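What follows draws every value from the coordinates through simple rules; no lab data is involved. All values derive from a computational prediction rather than experimental measurement. Neighbour counts are summed over all protein chains in view; Cβ atoms, including those assigned to glycine, are modelled from backbone coordinates with ideal geometry.
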């Protein structure tokens with residue numbers, strides 16, 4: 001038996017459509033559907049979906065960047081030095 005890993009989305013009407021590689025012959029097949037059951041797996045599925053659509057990923061990333069308060073000053077390079085952060089341990 002040959003296994004093929006495919007990513008797919010389940011629609012609201014509970015349907016799943018997959019497109020198999022051209023080298024898969026017609027005939028019977030066994031299908032196992034693995035559904036993420038935790039937040040991490042859901043984020044991974046969302047990341048895979050965004051990877052398929054770079055423009056959507058870029059738009060979401062740009063929106064995330066824009067959601068940060070630009071009035072907060074950027075820390076100076078000196079303040080990020082280890083000696084500055086842990087001056088009591090040097």
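If you go through the stretch 46-89 and pick out every residue that is more than 19 Å from the chain's Cα centre (by Cα) and part of a helix (DSSP H, G or I), you end up with 8.
Checking each residue in the stretch 54-88 for being surrounded by fewer than 11 Cβ atoms within 10 Å (Cβ to Cβ) and either touching a strand residue (DSSP E or B) at 6+ places or on another chain (Cβ under 9 Å) or within 28 Å of residue 9 (Cα to Cα) (or both) picks out 54, 55, 62, 63, 64, 65. Mind checking which pairs have a first residue in the stretch 26-44 that is on the phi < 0 side of the Ramachandran plot and a second that is assigned to a loop (DSSP other than H, G, I, E, B) and surrounded by 10 or more Cβ atoms within 10 Å (Cβ to Cβ), Cβ under 8 Å, 6 or more apart or different chains? Filtered contacts from the stretch 26-44: 42/36; 44/36.
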